[in-house]
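Take a look at the structure below.
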Amino acid sequence: MLTVYYGSVLIAALLCAMIYIFIWHKHFDINFTMIFSLIPISCIGYLASSKVETTEGVVIAWQIIYIGGVFLQYFILMSIFNLCQIELSKWLRTMVFAVCVLTYLSVISIGYLDIFYKSISVELINGERVITKEYGFMHSFFYVLLAAFFIAGISTIIYSWKKKKDVPRGILILLVIPDVVCVFTHLVVRNIWINEIDFMPFGYLVAEIVYLLIAIRVNLYDISSTVIDSYVHEQKVGYLSCDFKRRYLGSNDIAKELIPALKTLAVDDKIEKNQGVKNIFHYIKSFKENENNNVFIYTVHDKNGNEENDRYYNVNVNYLYDGNTRRGFIITLLDDTANRKYIRLIGDYNDKLQSEVTEKTKHIVEMHDNLIMSLAVMIESRDNSTGGHIKRTSEGVRILVDEINKLGTLNLSPEFCADVIKAAPMHDLGKIAVADDVLKKPGRFTDKEFEEMKKHAAEGAKVIHEILLNTDDESFKIIAENVAHYHHERWDGSGYPDGLKGEEIPLEARIMAIADVYDALVSKRVYKEAYDFEKADRIIEEGMGSQFDPALKSAYEKARPRLEKYYSGN
């Protein structure tokens, strides 16, 4: 009879636990999981206790039973606090749990110490098992602990009913049931035996069923998680995150579909090292400079090159929070194609107008490019030592990029190559911010003057950022900023302005650095004569691995004859 009863309760408890696992959601309270774990364990102890006939067997079975007896009420109380939105300090939670641990250790000591049971024995009298036991002081403490948990739980429920309008009343009513049932069966019903049946496991089962109902309902009241889950699912929102050191933390499948390079990133990889996700680095950089500048446009081009099938996404950058603590950045991508196509349709009401707009846009772009080039030439004209530098370095970049492509080791895209060549003339725009007495000095700089001159790299990036702020060509904007900002960085980290090292330096800036230094070597300056090609080549070669990217050495060596031919004709 006992075995059938305890076995049936165990099966029912396991079934409830399986249902809980089936409906489990990441936002479920961890205390729920502990409750659904402890109850079946205790029921296993009850089933074992019904079959053993030795003192040692009974002790072991009770030690299993008391896992639930000691800890279950603790997790019930913690779940009440959480569901009632009352936060306990970490120290208080830990201290209460420590008391439970000490209580259970006294249970483990049965047979060795007399603190929980002073004595226990099992005898068979007329074929019937008779258990004799004498309680120790820790057994009384155990009942005091249960009573304290019960009073704290009920008091919290009553307080929340009266004071906290945002706690669901249905949940509060349900919470009363397991708290009352577990304590009532422990303190009252457990002492009522019918044919040696202990009603405690049945009380556990009732509590488990109630918590199953609570688990089904409670997630509907978590408005933050349900809204987020629903919104992401229905709107197909992509999201990805990184910490403040720009180490990749993760992304969902939609983000990986939109930005395939995310699939190649491992967690904790630096995002700026991956060319495929360089836009992300730029979004975060812009956001850090101005937190109000957190909305961008990301375009997914049609694989067949059909612009009508391009898709446009609003990119939103914000801080990633862990509670109230900022831990990094989160980037969301929301499909805005329909809105943009609708706006385009309104503006594009006939073919003639579209043609005119295209022509005007092309003309504006040409004017924009000419304006930038004119600005670069104007700035160069202020510098007594670098006449023709823009033209020569631009051609140097073109030759280097061509040889890199011929080697095929870096697998550069045509768009990247075109953008680097187009950005080359803009690399010294920051000199507009350098004082005339420094820029036009007819000789070598003092340390203070050199520090002033070094500011042109960062200033150039700022100037380009403002000039290209509203451009649709986001990739060119990033490359142009990088070329200006980082072309004086060195491979060994001793460059300026940020002391970047190795592949932390964007590739476009590493290419620009070789062309820039080569021109400085073979050209006459106010502080030196032009070096011959052999000496310039020796200096460049010696700088591979310290000043320059050693991966570009082969491309430079292939480009050298073309560079010498070009400079011989100028």
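The values are calculated or read from the model by the stated rules, or taken from the named source; none is laboratory data. All of these numbers come straight from a predicted model, not from anything done at the bench. Positions of Cβ are backbone-derived with ideal geometry, glycine not excepted, and every protein chain shown enters the neighbour counts. Just the protein is used for accessible areas: all its heavy atoms, side chains included, with ligands, DNA and RNA removed. Shrake-Rupley method; radii C 1.70, N 1.55, O 1.52, S 1.80 Å.
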Next on the checklist: So, in the stretch 507-528, exactly how many residues are touching a residue at least 60 places away in the same chain (Cβ under 8 Å), open to solvent by less than 20 Å² (accessible area, probe 1.4 Å) and of a type outside the set (D, E, K, R)?
Outcome noted: 7
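Listed here are the residues, each with its yes/no results for (1) aliphatic (A, V, I, L, M); (2) open to solvent by 80 Å² or more (accessible area, probe 1.4 Å).
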{"site": "LYS51", "(1), (2)": "no, yes"}
{"site": "THR54", "(1), (2)": "no, no"}
{"site": "GLN63", "(1), (2)": "no, no"}
{"site": "ILE108", "(1), (2)": "yes, no"}
{"site": "TYR117", "(1), (2)": "no, no"}
Checklist entry - Yes or no: ASN318 out of contact with any Ser or Thr (no Cβ under 6 Å at 6 or more places or on another chain) and either closer than 25 Å to SER241 by Cα or modelled with pLDDT of 85 or more (or both)? => result yes
Item to check | Any pair with Cβ under 6 angstrom, 6 or more apart, that starts in the stretch 128-150 at a residue that is free of Cβ contacts under 8 Å to residues at least 40 places away in the same chain and ends at one that is charged (D, E, K, R) and open to solvent by 50 Å² or more (accessible area, probe 1.4 Å) | outcome: VAL130/GLU123; GLU134/LYS118; GLY136/ASP114; GLY136/LYS118
Item to check | Pair list, Cβ < 6 Å and 6+ apart or interchain, from the stretch 455-470 residues that are touching a residue at least 24 places away in the same chain (Cβ under 8 Å) to residues that are buried (at least 17 other Cβ atoms within 10 Å of the Cβ) and in a loop (DSSP other than H, G, I, E, B) | outcome: HIS456/VAL434; ALA457/HIS488; ALA457/PRO497; ALA458/PRO497
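For every residue, the table says whether it meets (1) assigned to a helix (DSSP H, G or I); (2) within 19 Å of MET200 (Cα to Cα); (3) open to solvent by 90 Å² or more (accessible area, probe 1.4 Å); (4) modelled with pLDDT of 90 or more.
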{"residue": "TYR104", "(1), (2), (3), (4)": "yes, yes, no, yes"}
{"residue": "SER121", "(1), (2), (3), (4)": "no, no, no, no"}
{"residue": "TYR143", "(1), (2), (3), (4)": "yes, yes, no, no"}
{"residue": "LEU146", "(1), (2), (3), (4)": "yes, yes, no, no"}
{"residue": "TYR159", "(1), (2), (3), (4)": "yes, no, yes, yes"}
{"residue": "ASP166", "(1), (2), (3), (4)": "no, no, yes, no"}
Checklist entry - Assuming PHE450 fulfils every condition listed in (1) in a helix (DSSP H, G or I); (2) of a type in the set (Phe, Trp, Tyr); (3) in contact (Cβ under 8 Å) with a residue 12 or more places away in the chain apart from one, which condition is it? => result (3)
Checklist outcome for this item: Taking the stretch 1-49 and keeping only residues that are touching a Leu at 6+ places or on another chain (Cβ under 8 Å), under 16 Å from ILE76 (Cα atoms) and either free of Cβ contacts under 8 Å to residues at least 40 places away in the same chain or surrounded by fewer than 16 Cβ atoms within 10 Å (Cβ to Cβ) (or both), one is left with LEU38, PRO40
Next on the checklist: Return the residues of the stretch 21-60 that are outside any helix (DSSP H, G or I) and either of a type in the set (Gly, Ala, Ser) or farther than 30 Å from TYR117 by Cα (or both); say none if nothing qualifies.
Outcome noted: TRP24, HIS25, LYS26, HIS27, PHE28, ASP29, SER50
Checklist entry - Would a scan of the stretch 445-461 turn up a residue that is open to solvent by less than 20 Å² (accessible area, probe 1.4 Å) and under 30 Å from the mean Cα position of the chain (by Cα)? => result yes
Checklist outcome for this item: Going through the stretch 477-494 in order, the residues found to be surrounded by 19 or more Cβ atoms within 10 Å (Cβ to Cβ) and either without any contact (Cβ under 8 Å) to a residue 24 or more places away in the chain or within 27 Å of ASP310 (Cβ to Cβ) (or both) are LYS477, ILE478, ILE479, ALA480, GLU481, ASN482, VAL483
Next on the checklist: Condition check: among the aromatic types (Phe, Trp, Tyr) and more than 16 Å from ILE479 (Cβ to Cβ). Does PHE416 satisfy that?
Outcome noted: no
Checklist entry - Checking MET138 against (1) of a type in the set (A, V, I, L, M); (2) open to solvent by 70 Å² or more (accessible area, probe 1.4 Å); (3) in contact with a Phe, Trp or Tyr (Cβ under 6 Å, 6 or more places away or on another chain), which single condition isn't satisfied? => result (2)
Checklist outcome for this item: Note on the stretch 518-553: residues in contact with a helix residue (DSSP H, G or I) (Cβ under 7 Å, 6 or more places away or on another chain), assigned to a helix (DSSP H, G or I) and not hydroxyl-bearing (Ser, Thr, Tyr) are ASP519, LEU521, VAL522, PHE533, ALA536, ASP537, ILE539, ILE540, LEU552
Item to check | Test: LYS477 is within 24 Å of LYS391 (Cα to Cα) and basic (Lys, Arg) | outcome: yes
Next on the checklist: Exactly one of these conditions fails for PRO506: (1) at pLDDT 90 or above; (2) under 15 Å from ARG560 (Cα atoms). Give me its number.
Outcome noted: (2)
